[in-house]
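**Student:** Can you read through this structure? Questions will come right after.
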Amino acid sequence: MKKTICLMGFLLLNLFLLNAQIKISGKVTDENKQALPGANVYIKGTVEGASTDTEGFFQFESTSNGEQVLVVSCLGYQTHEKKDLITNLKGLIIIMKQEELGLDEIVVTASTFSIGRSRTVEKMNALDVVLTGSSNGDIYGALQTLPGTQKVGEDGKLYVRGGETRESQTFIDGMHVLFPYTSTAQNTPVRSRFSPFLFKGINLSLGGYDSEYGQALSSILPMETKDAASSTKIGVNASPLSIGGGGTYAWKKASVSANVNYTNKSLYSKVFPDDYQWKKDYRSLAGEVQIRSQLGRNSVYKLYLGIDRTAFIRTITDDLNNTPTRNFDLARDNYYINSTFATRTKNNYHLFLGTAYSYASNKYKNTNLVGDAFTDHESELHAKAKIEKSISKFYKLRGGLEAYLKNHSQTYEDNLSAILMDNDLQRNLYAGYLDNQFKLKKYLYANASARVEYSELLNSWNLAPRLSLNYINNGFQASAIVGKYFQEQEDGVLFSKNDIGQQESCMHYILSGSYELNGTVLKVELYKKKYEGLGLLQNNAYSSLGYGKSKGIDAYLSGESSPLRLKYTLAYSYNDSKRLFKDYAVESVPLFSTKHNASLSLRYSIPALKAYAGLTYSYASGRPYNNPNKAGFINSKAPEYHSLDCNMTFLLSKNVILYSSVTNVLGRKNVYGYTYSNATNTEGIYNRKPIVNSRKQFYYVGIFISLKSDSAYDVSSF
Amino acid sequence: MKKLCVVLVFMVMLLNQALCTNQIATNENTKSEFYQILGSSLSKLSTAQNEADLLSVVNEIKRLETMFPDEWLTTYYIAFLDLKASFSAPIEKQEVLLKEALLKIENLKQNKSANLSEVYTLEGYYYLAIIAQNPAQNGQIYYKEVISAYSKAIAYNGENPRPVLLLTLFKNRMAQFTGADQSSFCEDLKKIELMFSTFTPKTKLDPNWGEQQLKTAQQNCPSQE
């Protein structure tokens, strides 16, 4: 009997032991020994687990046995695993390490400005462009309130860090835009061909940019269009200068958007005349269509088509050189097609394929003499393929191939129909790049990449390496970048068919530091650029013996003062440049470069009036120019540039927005330089005329009406 | 007697083995097991007293998610509860909660079995949470994303009352700034009340929330019979 009881007891004990619950317990803390409540602790492969209490303690029972893996995870910390016999998993002390940003999450901001975006605000607000005092709703106008850009007021194009405008190239969705600016009359600033409302991201890179891009000695402006729209809308807009309308039709997974705009300055010129005489005032008709579609869960296809025609006839009286009055006639057609496909495979490879085609045809009459004619046709086909993969938490590889096929032909017939110029240029350029991004250790990232290019016209290969080291810790970033960039000489030089031999190149050295705290950003950058191979005209022939250098400092401060509802941006640039290129006689400061550039932008919201006010004050030191009455070359400096611009936007109702702006409120006559007569006068002096804007001040008022929309204040057609 | 004992011992051993394998069998993936565990976790939500209790439920669902990675409901509820928590969480916690919620929503879009109407409703709710972080600054940047996400959710399933309710409530809040006509607000809420009553979720655990928010919004409406 005793034996049976013992046996029964032993068997029961056996049962209990085998079905026994094992207690798992411990405490979870961070690296500073502070308790971590709410951490998730569990046995891998089961639902057995618990959350830590306010003291960081956890306790639960498990029916597993043998060797198990205990997983501890907590939001904001790296997941911790501990492999051991389940009987040893008691009284544990687990220290959790803070989560570090992965390669996909860090954004290096050295020499880059993303409009309206910041570390905390991921999305660009197109209104940031429109509400910048001096912009007039133009992307390039808004970019000029950023440091590193130099004011060339009569032109309005982008000039970056002592570089010519052609050294800055624009890209949309990774594809090149050959003609990003509208055509205008002389001394009338250009605008971007594209409305800021097309884009979800505008990121200006002032130098040291990614190896993905090339053929831009100074800077690149990559812009990303928005994703497929999800609601249908229609809107119209009108101003004394223009009338337009457009809209989007949206399906579940795709959308089609279109926009048409007609601009005619004749009505406006009657009220606010400019310095010119017009036979046929400036007019342009522009239309664009964009299809954006989501193919499957991981692919996006976009197709953009833009067409515009610009025409005007301006009566030119050249009293400097006493040439007969002529009616300068311009007619320009411009086409741009951009098609991109992006997808992500199951193995997380990002693939991209894109093509873009730019075409412009210009027909000018009476350009220098009455009865002459100048025609210019230029086109470019750009094809690009990219692949990207995060290999591990510490390494990301990107690579791609691209081809640029360009054609440019010009003819000039004088008033006797003699063909004085017949240029034809075909140039094909092929490139490939490889980009390696590394995470070296906590907060330290590095990038080593290279780009290889082959220029068919110059029959030259080049290798463009780029290295960067970045320290990123929350709001603080410090970077050092070294890179070499190439660009073929401009067409004017290549038309000569002289033996050029090599592309132009520029070495960038950049040191950058930035700090962001609670929405306030402070950024300071030092840079040095060394140019080589620039097109130089000597003894009536072009060579690549030109050179130059540019160095300077860019500083930027932006923030918001909440009680005052005031947003401010302060930018200052110092640039010291010298070049020997083009038709320069000696090494000089280039005509487009100014030593000091500064701008202060304020944006104030007035909820009571449902209005926004934008004010920008811009300053630039005097532009260099060449005075033939004095000895030397580029020997003089024009007066300083000052301009106070402002705009006001009124949200009249859910569907109507009124926008108004005035440039140069103080009415200063800004002089950008002087043009001199070709011959001396009777006293042996060259006469001159100042280069000024055709309009001293520009007044604008426009009304934007949304006829159908799901949301409010949605006046963009896209 | 000894033989009987030996046989008994063997049988008990075998029984133990069988019981052990039974234990292992309960760890095998079965759909009913999944619903049972998820159901028990979700039922704890109504009795949760504080943040810690809610967090404990989320952690339970996360453990279930690691065991059943192909199921969309676990991912959905983690994102939903993270977003709800972000509205009242301290600033430091908000960032990590929203980051995880966004990651879960991206995962849901990849999951073929997920109900896209509910996923896009959740995406709209995510942008609403972003706006709540700093309404003065974020409202004007993200309001279009909120409306766009809810509109997509309605396009995927016009009978889903949740996006319709959230969109109506959002437009009502916006109307305080835009001055849009809100005279039909109570009527719209009544229609949504009808939608909720006629809506049947695909499974017992599919998203079925929102009536509480509807009732709160209807408090200022005249009661109708």
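The values are calculated or read from the model by the stated rules, or taken from the named source; none is laboratory data. The model shown is predicted, which means the values in this text are computed figures rather than measured ones. Every residue, glycine as well, gets a Cβ built from its backbone with ideal geometry; the counts of neighbours run over all protein chains shown. To get the accessible areas, we keep the full protein, side chains included, count just its heavy atoms, and leave off ligands, DNA and RNA. Shrake-Rupley method; radii C 1.70, N 1.55, O 1.52, S 1.80 Å.
**Student:** Go through A:Lys528/A:Lys578; A:Lys82/B:Lys93; A:Lys610/A:Lys696 and tell me which ones have a Cα-Cα distance over 22 Å in this structure. Intermediate values should be presented prior to the final figure.
**Tutor:** On the way: A:Lys528/A:Lys578 12 Å; A:Lys82/B:Lys93 26 Å; A:Lys610/A:Lys696 30 Å.
Too far apart for the 22 Å limit: A:Lys82/B:Lys93; A:Lys610/A:Lys696.
**Student:** Still on this model: If Lys and Arg each add +1 and Asp and Glu each add -1, what is the summed charge of the other residues whose beta carbon sits under 13 Å from the beta carbon of A:Lys346?
**Tutor:** Here the charged neighbours net out to +4.
**Student:** What does the structure give for B:172-179 when I average, per residue, the other chain Cβ atoms found within 10 Å of the residue Cβ? Write out the running numbers ahead of the final one.
**Tutor:** Details: counts 0, 0, 4, 2, 0, 6, 8, 6.
Mean number of neighbouring Cβ atoms from other chains: 3.
**Student:** In degrees between 0 and 90, to the nearest 10, how far off the longest principal axis of chain A does helix A:2-18 point, with axes built from Cα atoms?
**Tutor:** Orientation of helix A:2-18: about 0 degrees from the principal axis.
**Student:** Region A:274-311: which residues show an accessible-area loss of 10 Å² or more, assembly versus chain alone, 1.4 Å probe?
**Tutor:** Residues meeting the cut-off: A:Arg297, A:Asn298.
**Student:** Can I ask one more? With a length cut of 15 Å (Cα positions projected on each helix's long axis) and a Kyte-Doolittle mean of at least 0.0, go through chain B and give me the DSSP H helices that pass. Please report the intermediate quantities before stating the final value.
**Tutor:** On the way: long enough: B:2-26 (36 Å, 1.29); B:31-43 (18 Å, -0.07); B:51-67 (25 Å, 0.04); B:72-88 (25 Å, 0.66); B:91-110 (29 Å, -0.30); B:116-133 (26 Å, 0.59); B:135-156 (31 Å, -0.26); B:161-178 (25 Å, 0.23); B:185-198 (20 Å, 0.16).
Correct list, ordered by number: B:2-26, B:51-67, B:72-88, B:116-133, B:161-178, B:185-198.
**Student:** Next question. Hey, with R₀ at 45 Å, roughly what FRET efficiency would A:Leu305 and A:Phe272 work out to, going by the Cβ-Cβ distance, to 0.05?
**Tutor:** Values: r = 34 Å, r/R0 = 0.75.
Step by step, r from the Cβ atoms, then E = 0.85.
**Student:** Rounded, prolate or oblate: which one fits chain B, using the alpha carbon gyration tensor with axes a ≥ b ≥ c (rounded when a/c is under 1.5, else prolate when a/b beats b/c, else oblate)? If you can, show how the numbers build up before the last one.
**Tutor:** Values: a/c = 2.84, a/b = 2.31, b/c = 1.23.
It comes out prolate by the Cα gyration axes.
**Student:** Over all residues in A:127-135, what is the mean tally of Cβ atoms on other chains that come within 10 Å of each residue's Cβ?
**Tutor:** Details: counts 2, 1, 0, 0, 0, 0, 0, 0, 0.
Mean partner-chain Cβ count within 10 Å for A:127-135: 0.
**Student:** Within chain B, which is the longest segment containing none of the trypsin sites (Lys or Arg not before Pro) that sit in a DSSP loop and have at most 12 other Cβ atoms within 10 Å? Walk me through the numbers before you get to the answer.
**Tutor:** Values: sites that count: B:Lys112, B:Lys202, B:Lys204.
My reading of the result: B:1-111 is the longest stretch.
**Student:** Report the local net charge at A:Ser390: Lys and Arg +1, Asp and Glu -1, summed over other residues whose C-beta lies under 13 Å from its C-beta.
**Tutor:** Values: positive: A:Arg344, A:Lys389, A:Lys393, A:Lys396, A:Arg398, A:Lys439; negative: A:Asp104, A:Glu105, A:Glu388, A:Asp435.
Neighbourhood net charge equals +2.
**Student:** What aspartates and glutamates could a cross-link reach from A:Lys33, if we take a straight Cα to Cα line under 19 Å and drop same-chain neighbours fewer than 8 places away?
**Tutor:** A:Asp53, A:Glu55, A:Glu81, A:Glu99, A:Glu100, B:Glu92
**Student:** Here's another thing I want to ask about it. Would you mind getting the accessible area per residue of the protein assembly as shown, heavy atoms of the protein chains only, 1.4 Å probe, in Å²? Numbers along the way, then the final one.
**Tutor:** Working: 44730 Å² over 943 residues.
Dividing the accessible area of the protein assembly as shown by its residue count gives 47 Å².
**Student:** Report, ordered by chain and residue number, the aspartates and glutamates lying within cross-link reach of B:Lys171, taken as a straight Cα distance under 12 Å and ignoring same-chain residues fewer than 8 apart.
**Tutor:** In chain and number order, the partners are A:Asp710, B:Asp181, B:Asp188.
**Student:** If you don't mind, another one. Taking the Cα centroid of region A:292-351 and of region A:403-447, what is the distance between the two, rounded to the nearest whole Å?
**Tutor:** Spelled out, the Cα-based centre of one part sits 16 Å from the other.
**Student:** Over the protein assembly as shown, with every protein chain in place, what whole percent of the accessible area is carbon and sulfur at 1.4 Å, could you tell me?
**Tutor:** Values: 25570 of 44730 Å².
Reported share for carbon and sulfur atoms: 57 percent.
**Student:** From the helices alone, meaning DSSP H stretches of at least four residues, give me the mean residue ellipticity at 222 nm for chain B, per-run term -39500 (n - 2.57), in deg cm²/dmol to the nearest 500.
**Tutor:** Dividing the helical sum by the residues of chain B leaves -25500 deg cm²/dmol.
**Student:** Next question. Between region A:600-670 and region B:98-160, how many Å separate their Cα centres?
**Tutor:** About 40 Å separates the Cα centre of region A:600-670 from the one of region B:98-160.
**Student:** Please list, by residue number, every one of the trypsin sites (Lys or Arg not before Pro) in region A:385-437 that is coil in DSSP and has at most 12 other beta-carbon atoms within 10 Å.
**Tutor:** Details: sites: A:Lys386, A:Lys389, A:Lys393, A:Lys396, A:Arg398, A:Lys406, A:Arg427; in loops: A:Lys393.
Answer by residue number: A:Lys393.
**Student:** Please report the net charge: other residues with Cβ closer than 13 Å to the Cβ of B:Gln182, K and R +1, D and E -1.
**Tutor:** Numbers: positive: A:Lys654, B:Lys171, B:Arg173; negative: B:Asp181, B:Glu187, B:Asp188.
Around B:Gln182, the charge tally is 0.
**Student:** Still on this structure: Leaving out same-chain residues fewer than 8 places away, which aspartates and glutamates sit with a Cα under 13 Å from that of B:Lys109?
**Tutor:** B:Asp70, B:Glu71, B:Glu118, B:Glu123
**Student:** Which order do A:Ile291, A:Ile94 take by accessible area at a 1.4 Å probe, largest first?
**Tutor:** Values: A:Ile291 65, A:Ile94 5 Å².
Reading off the accessible areas and sorting them downward yields A:Ile291, A:Ile94.
**Student:** What do you get for trypsin sites (Lys or Arg not before Pro) in region A:603-672 restricted to DSSP loop and a cutoff of at most 14 other Cβ within 10 Å of the site's Cβ?
**Tutor:** Numbers: sites: A:Arg603, A:Lys610, A:Lys630, A:Lys637, A:Lys654, A:Arg668, A:Lys669; in loops: A:Lys610, A:Lys630, A:Lys654, A:Arg668, A:Lys669.
Counting only loop positions with at most 14 other Cβ atoms within 10 Å, the trypsin sites (Lys or Arg not before Pro) in region A:603-672 are A:Lys630, A:Lys669.
**Student:** For region B:115-225, what does the alpha-carbon gyration tensor say about shape, rounded, prolate or oblate, given a ≥ b ≥ c as the root eigenvalues, a/c under 1.5 as rounded, and a/b over b/c as prolate? Walk me through the numbers before you get to the answer.
**Tutor:** Numbers: a/c = 1.97, a/b = 1.13, b/c = 1.75.
Since a/c reaches 1.5 but b/c is at least a/b, the shape of region B:115-225 is classed as oblate.
**Student:** A further question follows. If I ignore ligands, DNA and RNA and count only protein heavy atoms, how much of A:Ile685 is accessible to a 1.4 Å probe, in Å² to the nearest 10?
**Tutor:** Approximately 80 Å² of A:Ile685 is accessible to the 1.4 Å probe.
**Student:** Here's something else I'd like to know. Other chains' Cβ within 10 Å of B:132-144 residues: what's the mean? Intermediate values should be presented prior to the final figure.
**Tutor:** Values: counts 0, 1, 4, 0, 5, 7, 3, 0, 5, 9, 4, 4, 12.
Per residue, the average neighbour count from other chains is 4.
**Student:** Moving to a separate point now. Could you run the numbers on buried accessible area between B and A, total for both chains, 1.4 angstrom probe, in Å² to the nearest 100?
**Tutor:** On the way: alone 14280 and 34770 Å², together 44730 Å².
Answer for the B-A pair: about 4300 Å² buried.
**Student:** Given the pairs A:Lys200/A:Lys389; A:Lys365/A:Lys595; A:Lys363/A:Lys497; A:Lys157/A:Lys669, which are separated by over 27 angstrom at their Cα positions?
**Tutor:** Working: A:Lys200/A:Lys389 23 Å; A:Lys365/A:Lys595 38 Å; A:Lys363/A:Lys497 24 Å; A:Lys157/A:Lys669 20 Å.
Distance filter (> 27 Å) returns A:Lys365/A:Lys595.
**Student:** Which of the three applies to region A:20-96, rounded, prolate or oblate, going by the alpha-carbon gyration tensor with a ≥ b ≥ c and a/c under 1.5 meaning rounded?
**Tutor:** Values: a/c = 1.86, a/b = 1.70, b/c = 1.09.
The shape class here is prolate.
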